Structure formats: structure tokens, C-alpha cells
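Novice: If you scroll down you'll find the structure; I have some questions about it.
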Amino acid sequence: MERAQKQTILKDLEKKLVLLVGPRQCGKTWLAKDIAKNFPNSVYLNYDQQIDKKIILEQSWLDSTDLLILDELHKMRDWKNYLKGVYDTKPESMRILVTGSARLHAYDQLGDSLAGRYFRHRLLPISLAELEQISEPLDINKLLERSGFPEPYLADNTTEANR
């Protein structure tokens with residue numbers, strides 16, 4: 001399934017960094033990894049993973065990285081200034097995609113250190129238009145039972161959906 005915002009995010013990455021925000025389990029990480037398939041030298045780093053955290057703090061990704069995905073970066077102290085520095089000193093060919101919770105959205109009220117440097121995309125659970133891509137007919141009862149979050153809705157049975 002292709003998320004409706006994917007093509008817009010790809011276009012926006014050509015101009016500025018992209019902040020991808022939304023509720024838990026709406027598919028932010030999945031979409032970021034799907035977008036990475038469009039770049040031959042993408043790097044995905046999750047701030048929750050110690051080895052990734054070290055790479056993030058040391059900015060030790062390869063210079064040949066063409067898409068840098070930073071997941072859960074909002075958990076880093078002073079993440080806005082960190083991101084500003086990374087963005088302002090990155091190679092011209094590098095694109096940056098930052099994913100995380102609605103805390104990234106709260107940034108709009110917290111100052112202007114990233115002003116003019118980013119596009120923000122809010123990812124929501126699966127839309128009806130996205131559901132039309134699925135080969136099976138839309139089951140409104142299944143949608144109501146499992147929600148519009150991708151993983152539970154697309155699970156094969158109720159047992160998988162409730163894990």
C-alpha cells in the first residue's frame with residue numbers, strides 16, 4: 001500500500017528537511033523506510049537504539065548518505081538546535097527526514113531555530129482513499145473494530161490485530 005502523502009514528502013525532501021509527525025502506530029517509521037527505497041544510500045537511525053544514538057550524537061554517518069532518517073529525535077535534549085546544525089552543514093545532496101510523535105508538532109510554538117528549513121507532514125491512520133488500494137473490499141465493521149491504524153487493520157485475523 002502506498003500512503004497518500006508519500007509523493008508530496010518526496011518532493012518536499014528536495015527543498016527542505018521534512019518533519020513527519022503523528023500518533024503512535026500510524027505508520028511513520030514504515031513510511032520513512034518506504035521512502036528510503038527511493039534513495040540508494042539511505043540511513044535509518046533510531047534515537048531509542050544505543051548504537052544509533054551514538055552515531056546520531058557523533059554525526060558519524062557516511063558523507064555519501066543521500067537520505068538521513070532520524071526517528072524519535074524529539075527524545076534528544078536540545079534536538080531543535082542539533083537538527084539546525086546538521087541541516088545547515090549537511091552536504092547539498094543529503095536529504096533529511098525526521099519522524100516522531102506529536103512533540104515535533106509542538107515545535108511550532110517553541111521558537112524559530114528551524115524557521116524556513118522544514119516542511120511538517122502530519123500522518124494520520126489509514127484514509128479511505130488508501131484503503132481502496134487493498135485488494136479486498138472495504139469492510140466497515142472491520143474498520144470500526146480494528147481502527148484505521150495500518151497494522152491492526154491489515155492483520156489477517158482478529159488475534160493478530162489484538163497483539
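Novice: Taking a quarter of the surface of the Cα convex hull of segment 1-100, what do you get in nm²?
Specialist: 6.2 nm²
Novice: Can you run phi through the Karplus equation (6.51, -1.76, 1.60; θ = phi - 60°) for segment 4-19 and list ³J(HN,Hα) in whole Hz, with x for Gly and Pro?
Specialist: Karplus values, whole Hz, x for Gly and Pro: 4, 8, 3, 5, 5, 5, 4, 5, 5, 4, 6, 10, 8, 6, 10, 9.
Novice: So, one more: Taking a ≥ b ≥ c as the square roots of the Cα gyration tensor eigenvalues, with a/c under 1.5 meaning rounded and otherwise prolate when a/b beats b/c, else oblate, which class fits segment 42-88?
Specialist: Oblate is the answer for segment 42-88, as a/c is 1.5 or above yet b/c matches or exceeds a/b.
Novice: What lysines could a cross-link reach from LYS28, if we take a straight Cα to Cα line under 21 Å and drop same-chain neighbours fewer than 8 places away?
Specialist: Result set, ordered by chain and number: LYS6, LYS11, LYS15, LYS16, LYS37, LYS53, LYS75, LYS80.
Novice: Could you give the length gained on full extension between ASN41 and ALA4, defined as 0.36 nm per residue of separation minus the Cα-Cα distance, in nm?
Specialist: 10.9 nm
Novice: Further, regarding this structure: Would you work out which of VAL43, HIS74, LEU57 lies farthest towards the positive end of the dipole of segment 1-96, given +1 charges on the beta-carbon of Lys and Arg and -1 on that of Asp and Glu, about the Cα centre?
Specialist: HIS74
Taken together, the values in this text are just the output of simple stated rules run on the coordinates, not laboratory data. No experiment lies behind these values; they were computed from the predicted model shown. Don't worry about glycine lacking a Cβ; one is built from the backbone with ideal geometry, like all the others, and counts go over all protein chains shown.
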